[in-house]
1. Of the residues E80, E108, only one is acidic (D, E), surrounded by fewer than 18 Cβ atoms within 10 Å (Cβ to Cβ) and over 23 Å from L22 (Cβ atoms); which?
2. Across the range 6-48, what is the number of residues that are under 25 Å from I202 (Cα atoms) and at pLDDT below 80?
3. How about the range 19-37: which of its residues are more than 19 Å from A105 (Cα to Cα) and either open to solvent by 50 Å² or more (accessible area, probe 1.4 Å) or not β-branched (V, I, T) (or both)?
4. Read through the list (1) in contact with a His (Cβ under 8 Å, 6 or more places away or on another chain); (2) free of Cβ contacts under 8 Å to residues at least 60 places away in the same chain, then give the number of the only condition that C121 fails.
5. So, N125, is that one of a type in the set (S, T, N, Q), modelled with pLDDT of 95 or more and farther than 24 Å from H269 by Cα or not?
6. Please give the strands (runs of 3 or more DSSP E) falling wholly within the range 155-271 in which 3 or more residues are modelled with pLDDT of 95 or more and either under 15 Å from the mean Cα position of the chain (by Cα) or among the β-branched types (V, I, T) (or both).
7. Mind listing just one residue for me: the one in the range 189-200 that is more than 15 Å from L276 (Cα to Cα) and in contact (Cβ under 8 Å) with a residue 40 or more places away in the chain and, of those, surrounded by the most Cβ atoms within 10 Å (Cβ to Cβ)?
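The values are calculated or read from the model by the stated rules, or taken from the named source; none is laboratory data. Quick caveat: nothing in here was measured; it's all calculated off a predicted structure. Ideal geometry is used to build each Cβ from the backbone, glycine not excepted, and the neighbour counts take in all protein chains shown. With ligands, DNA and RNA removed, areas are computed over all heavy atoms of the protein, side chains included. Shrake-Rupley method; radii C 1.70, N 1.55, O 1.52, S 1.80 Å.
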Amino acid sequence: MKTSRSDMDILNRLFREQEDVLGSVQTTITAIECLSRSLKLLKCKRNHIRQQITELSGAIMHTEPRVILLIHLMEQFESEIRQHYGKDITDIKEAAVRILADKIACIEEHRRKVVQNGLACIRDNDVIFLHSVSSTALRILLQAKTSGRRFRVIVLKQDIRKTRQLIVPLIHADIPFRTVPEYSLGHFMEEATRFFLGAMSITRDNKVVAAAGTDSIVSMCHLHHVPVYLFMDSLKFSHQDTASQHIHHKTFTHHHNDGHRIEMSTQSHDLFDLKLVDHLITETGER
């Protein structure tokens with residue numbers, strides 16, 4: 001049975017919330033792990049398993065907005081599992097789980113290489129802006145601290161859930177930081193030396209799809225000559241243009257105690273030109 005529209009709406013919302021709080025890399029790993037567990041528990045006849053796997057992976061690949069890293073890995077999975085469909089159902093499931101484990105290993109290896117390349121982007125006495133939840137950017141900071149680099153971080157506060165994902169690891173690693181509202185960014189421009197961020201994808205027409213609020217920060221950094229460093233796996237490069245990314249638009253009503261209400265419109269992600277990024281660091285180095 002194909003996924004219903006209501007089920008897809010729930011799945012889309014889940015992916016948006018996961019990506020918003022965990023970042024696209026960790027969301028991709030979580031999605032693949034969930035698919036692997038589902039396949040282990042799957043009970044069906046041998047002649048139905050191909051359809052079941054295709055529908056499961058298809059639902060994951062068609063979430064909105066597009067998680068490009070996950071889509072590329074699932075496309076690889078679908079290609080690699082085809083050669084096993086003539087086998088016994090137990091062998092098919094074992095092969096699927098093994099292939100999915102290889103995809104997670106691929107993500108981890110690429111992230112390790114991006115982090116290694118990113119360590120060269122930190123100098124002693126740097127003051128680094130940090131805004132969106134990027135497990136890669138955060139790992140670069142944590143490893144830089146471990147290696148003895150001396151630097152400070154300015155966390156630009158947004159949603160408290162996301163901000164906690166940034167400040168808790170900094171506290172545990174004993175990295176000096178302070179938290180300021182993102183709307184106060186301009187007061188700290190002369191202090192900052194770099195802005196570190198991750199992103200969901202880069203589109204074919206050279207747009208970066210990043211966390212909401214990133215666009216204005218990147219623009220301010222560009223205006224004040226604070227170099228912008230984007231750390232990402234090259235598997236996040238999309239083969240499609242911006243219009244195909246399906247950025248989620250939401251309108252809701254905010255009720256005030258005085259009886260007034262305000263119609264609010266938001267977007268799940270920001271878009272900005274890749275040309276505003278000074279340094280694009282991938283698993284193969286700077287591009």
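1. Values: E108 fails: over 23 Å from L22 (Cβ atoms).
Of E80, E108, the one residue that is acidic (D, E), surrounded by fewer than 18 Cβ atoms within 10 Å (Cβ to Cβ) and over 23 Å from L22 (Cβ atoms) is E80.
2. Here the count works out to 15.
3. Within the range 19-37, E19, D20 qualify.
4. Checking C121 against (1) in contact with a His (Cβ under 8 Å, 6 or more places away or on another chain); (2) free of Cβ contacts under 8 Å to residues at least 60 places away in the same chain, the one that fails is (2).
5. When the stated conditions are applied, N125 passes them.
6. Details: elements: 177-181, 194-197, 207-211, 228-231, 249-255, 261-267.
Answer list for the range 155-271: 228-231.
7. Result: M200.
Each row is one residue, and each column tells you yes or no for (1) open to solvent by less than 70 Å² (accessible area, probe 1.4 Å); (2) aliphatic (A, V, I, L, M); (3) more than 24 Å from the chain's Cα centre (by Cα); (4) under 30 Å from M189 (Cα atoms).
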position	(1), (2), (3), (4)
R50	no, no, yes, no
T63	yes, no, no, no
I104	yes, yes, no, no
S132	yes, no, no, yes
